[in-house]
Structures are given as structure tokens and as C-alpha cells.
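Worksheet: the structure to be examined is printed underneath.
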Amino acid sequence: MAVPVLRLGLIGHGTVGQSFTHHLADAVARIERRTGARVQLARVAVRHPDRVRHLARHVHIGDDPQQLASDPAIDLVVEASGAPQAASWLAAALARGAAVITANKQAVANSNVLLQALAHRHPGLFAEATVAAAVPIVRTLRDSLQGEDIRAIRGILNGTSTFVLSAVERGTSWEEAVAAASAAGLSERGSTADFDGTDAAAKLAILATIAWRTPVHVDRIRIHGVGAHSVPVARAVFAEGRRLRLVADAWANDQRHLLIEPRVLEADDPLAQVSDVTNAIELEAALAGQLRWFGPGAGGVRTASALLADVAQAAAGYVATRRTQVAA
Ligand SMILES: NC(=O)c1ccc[n+]([C@@H]2O[C@H](COP(=O)([O-])OP(=O)(O)OC[C@H]3O[C@@H](n4cnc5c(N)ncnc54)[C@H](OP(=O)(O)O)[C@@H]3O)[C@@H](O)[C@H]2O)c1
């Protein structure tokens with residue numbers, strides 16, 4: 001049987017998208033060996049298609065993500081644009097049967113359609129890159145913990161706020177620490193999502209949706225962020241061996257509770273050991289007990305790792321479905 005070729009369309013070619021295309025070039029042969037399908041980058045959609053992109057000549061570069069998502073010749077749509085309207089592009093691609101792979105937590109966490117798809121394990125939607133970049137928590141929750149009752153989720157889901165709090169507790173001013181995070185490429189200048197809690201809230205909404213198998217819209221999360229007002233507390237608790245961190249917390253008893261808030265962590269709390277852009281996720285499962293993951297939660301290469309994992313998974317799914325159809 002001829003090797004099936006899956007045509008991939010990419011929306012967004014910034015920090016994450018460029019890293020993805022760079023590493024996809026190496027991964028194509030590996031994915032083909034492992035899945036039996038060849039993935040070929042066919043189209044890219046960006047805001048400024050005239051910029052130099054260093055992509056193979058055959059790749060079509062345009063500025064219309066909606067059209068890319070609706071193109072019947074595109075089998076896999078990978079989205080790394082951060083555009084708020086991406087949810088409608090992704091929903092259109094899913095509806096026509098394409099596999100959809102996204103890094104865009106805000107688009108997912110604010111879309112009832114995509115949250116429904118995640119909650120109900122839509123086989124065409126892949127979102128590993130939306131939470132904690134390279135830490136493989138989305139598929140673990142979705143698949144490995146299928147039989148579990150997830151009682152609580154606790155974590156540090158935003159590395160930039162940890163980076164800044166780590167600096168201010170050692171004496172740096174809030175403004176200098178935020179500028180250092182921006183200079184290190186950890187946050188966009190002027191962006192508030194890392195500190196006001198909305199970035200972490202989108203990730204918590206996605207995790208809770210998968211864990212509880214019901215859409216948890218980001219609006220349901222109580223959010224308190226960190227800012228210059230947090231500095232005195234961060235320093236005071238640091239002097240006592242404790243840490244102030246922006247913590248995501250969700251638990252279920254007779255009701256579901258979800259919040260993002262600055263919280264003082266005791267010295268022996270595993271989450272207190274987290275520094276820089278490391279993310280931490282702790283789950284409380286009825287049978288498995290307490291489970292924890294730590295790892296790099298941001299960066300182009302780390303996020304590309306998660307996107308490539310999803311591309312390989314989608315390719316494997318395509319081949320398995322085709323085999324079933326041929327055998328029937
Ligand atoms: N950076 C990280 O560490 C990281 C980690 C995990 C997840 N993510 C997520 O990954 C996504 C991308 O992040 P990024 O850091 O790569 O962003 P970025 O560097 O700003 O790149 C965004 C890309 O998307 C394109 N784009 C934006 N809006 C568009 C629109 N309306 N139509 C067409 N193209 C559009 C831009 O086009 P131009 O090139 O023409 O401007 C650019 O290529 C976001 O959802 C982010 O939350 C990022």
C-alpha cells in the first residue's frame with residue numbers, strides 16, 4: 001500500500017510556529033517510520049505573508065486562516081497564532097473532519113464548541129500544547145486517567161509570574177523583574193495575562209474540562225492576579241522560608257470550585273520548589289492518589305515538542321482508521 005501523505009496547514013509562524021516548522025523537518029521521517037503516514041507542510045497562514053519565512057518553496061503562504069482551515073486538501077490544521085478568533089477557524093476544520101492541533105489556550109478556554117469537543121474526547125481535537133508546553137498533562141488526563149475520578153487539580157501554570165516573583169523576593173523591584181521577563185522573551189512587553197491570572201485560568205479551564213468531562217468555561221474561574229502590591233508579602237514570606245506563588249486550584253465536593261490566586265506555600269510544599277518557567281501540576285485521583293508533573297511550561301521549542309506529539313498522534317489515528325476501513 002502506498003504511504004498516505006497528510007497535508008498540514010499551519011496558522012501562525014511566530015515563536016512557536018517557527019520552532020514547529022524547524023523541528024517538523026527532522027520529525028517527518030520519524031513520524032513516517034512510527035505511524036506509516038507522511039506529513040507534509042503544505043500551507044501557512046500569517047498576518048504578514050510577505051515577511052521572509054525560510055520555508056520550502058512548495059509551501060503556500062497566505063493571510064487567510066479561515067480559508068486554510070476550510071481547505072478540503074488540508075488534513076491536519078496546526079494553530080499557533082494566539083488569535084482570539086481562532087476558535088471559529090478550528091471549529092470549521094473540525095466540522096469538515098480535519099485533525100485540529102492547537103497551542104492556543106485562550107481560543108479553546110473561551111469557546112463552548114471546543115470545550116465541548118475536549119470534554120467529550122473528540123478524536124480530531126488535540127490540545128497538548130495549550131497547557132504547560134512540553135509537560136504531557138493533557139493526553140495523560142484524557143487517556144491514561146480515563147478510569148479515574150479526578151478530585152482536585154493544583155498547579156503553577158504560569159512560568160512568567162514565577163520568574164518575576166522569584167526575582168522580587170530576592171530584592172528586585174516589580175518593574176525591573178517584569179522588564180527582565182520581557183527581555184528574556186518570557187512575556188510580551190505590556191502584556192498583563194501572565195500576571196492578572198487570565199493565562200493560568202485558561203489552562204485550568206482546559207484541565208478541568210478534560211478531568212470532569214464537562215465544559216468548564218474560563219468565566220467560571222475566580223481570578224486574583226499578582227502585581228506590585230504582591231511584593232511586600234513575597235519578600236516577607238521568603239524571609240521565613242516560604243514562597244508566594246500564583247496558584248491554580250480546582251476541586252470538587254458537592255460543588256466545583258476553581259480559582260487562580262497568589263498563595264503562600266510552605267517550604268516543604270513541592271510547588272514551592274518551582275522556579276523560573278517551570279510549571280507544576282498536581283492531581284488528586286480517587287485510586288491513584290497524588291500525582292505530580294514538573295517541566296518547562298513555555299518556549300518555542302518546548303511547545304513544538306507538544307505540537308509534534310499531537311501531529312504524530314493524529315497521523316497514527318489516520319492510519320488506524322484507514323486500516324479499519326480497508327479491512328472492512
Ligand atoms: N511562546 C510560548 O512560549 C508559548 C507556549 C505555549 C503556548 N503558546 C501559544 O502559542 C500561540 C502562539 O504563540 P507565539 O508566542 O508563537 O506568538 P507570536 O510569536 O506572536 O506569533 C503569532 C503568529 O501568528 C500569526 N497571527 C497572529 N494573529 C493572526 C491572524 N489574525 N491571522 C493570521 N495569522 C495571525 C502571526 O503572524 P505574523 O508573523 O505575520 O505577525 C505570527 O506568525 C499562542 O496561542 C500562545 O498562547 C505560546
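Just a few scattered comments:
- DSSP-loop trypsin sites (Lys or Arg not before Pro) across region 231-270, with at most 14 other Cβ within 10 angstrom: none
- Scoring 132-143, 302-313 by mean Cβ neighbours within 10 Å over their residues and listing the highest first yields 302-313, 132-143.
- When both bridge partners sit in the chain, DSSP labels roughly 55% of those beta bridges antiparallel.
- Over the Cα atoms of the chain, the radius of gyration divided by the Kirkwood radius equals 0.99; this is the Rg/Rh ratio.
- The DSSP beta bridges internal to region 211-328 are antiparallel in roughly 90% of cases.
- For region 240-281, the residues whose backbone nitrogen is under 12 Å from a point 7 Å from the Cα of GLU148, taken along Cα to Cβ, are 281.
- Note on ARG96/VAL233: beta-carbon distance plugged into 1/(1 + (r/R0)^6) with R0 of 56 Å gives a FRET efficiency of 0.65.
- Fluctuation leader among GLY97, GLY124, GLY159 - the chain, Gaussian network, Cα springs under 10 angstrom: GLY97
- By other beta-carbon atoms within 10 Å, ranking ASP196, ASP64 with the fewest at the front produces ASP64, ASP196.
- Taking other Cβ atoms within 10 Å as a rough exposure proxy, LEU114, LEU6 sort from fewest to most as LEU6, LEU114.
- Each of ALA327 and TRP251 was given a label point 7 Å from its Cα along the Cα-to-Cβ line. The distance between the two points is 4.6 nm.
- Across the options ALA201, GLN18, TRP293, the greatest Cα extent toward the positive end of the charge dipole of the chain (unit charges at beta carbon of Lys, Arg, Asp, Glu) belongs to GLN18.
- Stokes-Einstein, applied to the Kirkwood radius of region 150-296 over Cα pairs at a viscosity of 1.002 mPa s and 20 °C, places its translational diffusion at 138 µm² s⁻¹.
- From most to least packed by mean Cβ count within 10 Å, the peptides 201-208, 264-271, 276-283, 224-231 give 201-208, 276-283, 224-231, 264-271.
- Cα shape, region 25-140, gyration tensor, a/c 1.5 rule: oblate
- Prolate/oblate/rounded call for region 12-74, Cα gyration tensor, a/c under 1.5 rounded: oblate
- Once the chain from VAL5 to GLN273 is taken as fully extended at 0.36 nm per residue, the excess over their C-alpha distance is 92.0 nm.
- Where labels lie 7 Å past Cα in the beta-carbon direction, separation of GLU261 and VAL28 in nm: 5.2 nm
- Bridge type composition, region 150-296 - antiparallel percent by DSSP, nearest 5: 95 percent
- Net lengthening on full extension, GLN116/ARG222 (0.36 nm per residue, minus Cα-Cα): 36.1 nm
- Annotation: amide H-H contacts under 5 Å for LEU41 (H modelled 1.01 Å from N, sequence separation of 5 or more, or interchain): LEU8.
- Note on GLN85 and ASP63: their simple-model spin labels are 1.3 nm apart, each label 7 Å out from Cα toward Cβ.
- Taking the average, over residues, of other Cβ atoms within 10 Å as the packing measure, peptides 11-17, 29-35 rank 11-17, 29-35 from highest down.
Taken together, the values in this text are just the output of simple stated rules run on the coordinates, not laboratory data. All values derive from a computational prediction rather than experimental measurement. Ideal geometry is used to build each Cβ from the backbone, glycine not excepted, and the neighbour counts take in all protein chains shown.
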